[in-house]
Structure formats: structure tokens, C-alpha cells
Amino acid sequence: MSPPLPPRPLAMALFGALFLALLAGAQAELPGCKIRITSKALELVKQEGLRFLEQELETITIPDLRGKEGYFYYNISEVKVTELQLTSSELHFQPEQELMLQISNASLGLRFRRQLLYWFFYDGGYINASAEGVSIRTALQLSRDPTGRIKVSNVSCQALVSRMHAAFGGTFKKVYEFLSTFITSGMRFLLNQQICPVLYHAGMVLLNSLLDTVPVRSNVDELVGIDYSLLKDPAASASNLDMDFRGAFFPLAEGNWSLPNRAVEPQLREEERMVYVAFSEFFFDSAMESYFRAGALKLSLVGDKVPHDLDMLLRATYFGSIVLLSPAVIDSPLKLELRVLAPPRCTIKPSGTTVSVTASVTIALVPSDQPEVQLSSMIMDTRLSAKVALRGKALRVQLDLRRFRIYSNQSALESLALIPLQTPLKTMLQIGVMPMLNERMWRGVQIPLPEGINFVREVVTNHAGFLTIGADLHFAKGLREVIEKNRPASTSDTSASSAPPPATTAA
């Protein structure tokens, strides 16, 4: 017997939910750039992070400890953390928590001032102590904020100091040994309460100031900008952290314009290097379309700017048209104008990366104080090979002219007449235009990395529709140096963000 059908309202609700889910999936924006940080990078990050952590723990302030036992009055003040000694530490990715740091069996060196009063006898001085069996477990949760920036959205922490030891001396050594249980227990309790607030402030305020140096929406030059907004929260697995960025250029004059992304979504499967970056064809297409819309893809050479040999060849080619003009126009300067007719398109294959460009070539005479006289107009099809490289944080492209063809859009007969111009125009492009273009392209565009971190030992691999770059990380600057440079100016916001919720501190 078949099971009964669900009630009609329930069936409609299920259908509506399924339709909305499919619609949301169909409308999800594809990334033009992806970055994967693998577990290979964590050892380097841990070394730099532990140096930063040690410096932060040295900022711990412990309240004065006062007490009375019988006739003895004691005061412990000016407690300072002097060093952190690590026996065991581990940094790893953890799904849903993103980044987990575990420190076990560590020790903290401390120095404090002691004061003891017994009747009319007083003793004081400084003494060294140590906190043993220190265990810290802290997790950073990364997410996308409303502006598309990666942020530390939460810090969970548990810290425990197992035991304290202080080597008392002086006139009242025996008295201190008697009081040591009270003093060290109090100091251990206070130290337990101070570790997690320091780590919470370091994550929510200081590390976020470091992440603020990652470019999100910035200018490339005076014409074009780039948008590196995160499309969704970072996704962590046991072995890597993946981030999807919009990776789209836009003309500054049309800040709200965006090119629809219909390219193949880049895929990252490798895990052998510290970091991988993937760029789809859309990333490069949006750059070329943005420059096209900004009116930058055109070149005009007039008079002396036209190579002398090419000037003579063009005048000889169009001699029949020139001699029919008035004498005042015949000796006018020659003008050669190149104008891209449509946004160039990038094609990425395992065999290499190419860029296809279609442009018009206009040849004219430019007499002074008179309208220019057009001699010819033709179409130029070119195919450029593109070599992509990553240096530091700059993505650079070098172009090389591979295929060149000119033809007339008027008649086949005129196309035959243009054959003698094929080689000279190609030479002009190779000698005059390509170096100028490559000089601009070699400046590069920054990829979304924090300040002070660069890529080294890069390897570029082409795939069908996208390319990947595997590299290792290098700290050109220490975390402390970058954070101090970008530390928030307002202390009120800092203090508000530095207090963790009660659940994050465990004694």
C-alpha cells in the first residue's frame, strides 16, 4: 500500500523552499580569484605568531596582591611577565573554528616587588618567579564582514596555570616560605584571569588591524580599480583554508559597473606548497574591459612619432591618393591611429595564455588649421601570448606579439593592396607599442595579502579556463612591526573590543 501524500500546504512549502534554494544557487556569484593557505604554511605562521604572542603576554598587568596572616602584612606589586618558554605548541586548521593554537606545558617568567611588615620590622625588594605547566587553547574564527573584508569575528580561549614557584630570600625568608602558599595561589589565580583577555584583544583588535591592510576595493591607477571583496566566509578543512574573492576590475569613472562572470570557476586541489592563488579568465577579461571602457586602449602617432621608414612606406603606398590632394596637404604630417574596437578577451589553456585583440588602423594626413584627410582605414587582428608572474605581492603580465593580420573592411581587393604594410606595421607594434604596453603591465596589481607578507619561489600552472600559482610565504616584516604601524588610533574602541565574554576565560 503506497504511503499517503503529504498535505497540500506542506507540499507547496517544500516545493517553494526547493525552488528558492535552486534559485539562490543559480544566482551565486562566481569568484574570479581564489586563495588557499595550506597546513605547510602554519609552521612559518606559528613561529612568527609565537613571537608576537610572547610580546603580548609581556603586557599582562596583574593587580597588587595584599594580605595579612597573623601579625604579618604583605604586599605583592609591579608583577611583570619577562619571558615565555614553550615546550610544546601546535597550530592547525579546524573546521568551523578556522585556526586553533594549542600550547601545553609552557612556563612564564615573572618578576615582582615584595613588601613585608611585621610589627616595626620591614622587608622589601624584587624577586623572580615562574608559572609552570601553562596551557593555552585559543581558536580564531574568520568571517566576511559587510564590506567584504576578512575579519577575526570571534576568539575563544581557555588558559590554565598549574603551579607557581617563587624563590624568596632575605631576612624574612622563613616567613615568606610560610606565606608562599597564600601568595603564589593568589598570583596563580590572578594570572589565570589575565591571559585570555590579552589573547582576545590581540585577535579582535590587533590581528584585525593587520587584516585591514588586505586590499578590498582599491585603485590600480588613475583609470581602473580592483575589487577583492570576499564572496563568503573562509572555509576551513583539516588541511587548508580556502577564500573566494570577487577578483574584478572596474573603471573608476563607473564605480558601480561590473562585468558578469561567465567564466570557468577556478579550482584549487594542490596542497604541496604553502599557498596557492587561482585566477580565472574573468579576472583578466574584467581588467581589459575596464581599460577599454575607460578609453585607454587607443594610440595616436603624429608626425615625428611615426617611424621614418614606416612614414615613407605609407606615403608610397597611398601615393596615388596623396597626389590628387592640394599642394598644401601633400606635405602635411602623417597620422597613424590605433583604436581597439571591442574589449580584448583572454583564453587560458594548459598550453598557454593568449589575448585576442581587434583594432582599427586609420592613416591620415593632418594639415595645420585644416581638417585631417583620411587616406585609409583597415582592421587589425592580433593575438598576444601572455606570461603571468607573481613577484612579492604583485601579479605581473608580459605580452608578446604572436599573430598579426590586417585587412580592409571595404573590399577584398583593398585587402590585397594592404599586404605590403603587414610586415612594417607588425615591426612597429613590436618595437614601438609592445615595450610601452609591457612597461605598464609589469608594474603589476597587488593581490589580497596583508602588509609584510610576500610570495617566494612561485610556480605558474595553466589549466582549462584558469591558472594557478603555487608559492611559499615570506615575512618581509614582523607582525609586531606591521601591527604597530596600523594600530587603531582610537583607544576607546580598543578597550571596548578587548574584553572577552565571560565564557572565553577558564581558570
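For the range 297-448, what is the accessible area per residue in Å² when the probe is 1.4 Å?
Working: 8180 Å² over 152 residues.
Result: 54 Å² per residue.
Assuming R0 = 25 Å, what is the FRET efficiency of GLN97 and HIS474, from their Cβ-Cβ distance, to the nearest 0.05? Working shown, then result.
Values: r = 27 Å, r/R0 = 1.07.
Once rounded, the FRET efficiency stands at 0.40.
Using heavy-atom solvent-accessible surface (probe 1.4 Å) with all chains present, what is the largest-first order of TRP119, TRP257, TRP442? Mind showing how you got there, number by number?
Working: TRP119 145, TRP257 50, TRP442 95 Å².
Sorted by accessible area, descending: TRP119, TRP442, TRP257.
At 1.4 Å probe size, what's the solvent-accessible area of PHE279? Round to the nearest 10 Å².
Probe radius 1.4 Å; accessible area of PHE279 about 0 Å².
Tell me the net charge near PRO450. Cut-off is 13 Å between Cβ atoms, PRO450 excluded, with +1 for each Lys or Arg and -1 for each Asp or Glu.
Details: positive: ARG149, LYS151, LYS393, LYS477, LYS485; negative: GLU48, ASP212, GLU451, GLU481.
Residues near PRO450 contribute +1 overall.
Keeping all protein chains in position, work out how much accessible area SER351 exposes to a 1.4 Å probe, and write it in Å² to the nearest 10.
110
With the full set of protein chains in place, find how many percent of the accessible area of the range 39-212 is carbon and sulfur; take the probe as 1.4 Å.
Working: 4300 of 8320 Å².
Of the solvent-accessible surface of the range 39-212, carbon and sulfur hold 52 percent.
What nm value, rounded to one decimal, do you get for the distance between LYS387 and SER351 when each label is placed 7 Å out toward the C-beta?
About 1.9 nm, to one decimal.
First select every other residue whose beta carbon is under 15 angstrom from the beta carbon of ARG137; then total the charges, Lys and Arg +1, Asp and Glu -1. It would help to have the intermediate numbers written out before the result.
On the way: positive: LYS46; negative: GLU90, GLU98.
Local charge sum for ARG137: -1.
Could you work out the per residue convex hull volume over the alpha carbons of the range 263-396, in cubic angstrom? Show your work: numbers first, answer last.
On the way: hull volume 21.3 nm³, N = 134.
Taking the convex hull of the Cα positions in the range 263-396, it is 159 Å³ per residue.
Heads up, I need the accessible area for ASP123: 1.4 angstrom probe, whole protein in place, Å², nearest 10.
20
Could you do me a favour and compute the accessible area per residue for the range 39-212, 1.4 Å probe, result in Å²?
With all protein chains present, the range 39-212 gives 48 Å² per residue.
If ARG36, ARG403 are ordered by their accessible area, calculated over protein heavy atoms with a 1.4 Å probe, which sequence runs from highest to lowest?
On the way: ARG36 25, ARG403 120 Å².
Correct descending sequence by accessible area is ARG403, ARG36.
The values are calculated or read from the model by the stated rules, or taken from the named source; none is laboratory data. These figures come from a predicted structure and were not determined experimentally. Methodologically, a virtual Cβ is constructed for each residue, glycine included, from the backbone with ideal geometry; neighbour enumeration extends over all protein chains shown. Accessible surface is based on the protein model in full, side chains and every heavy atom, while ligands, DNA and RNA are left aside. Shrake-Rupley method; radii C 1.70, N 1.55, O 1.52, S 1.80 Å.
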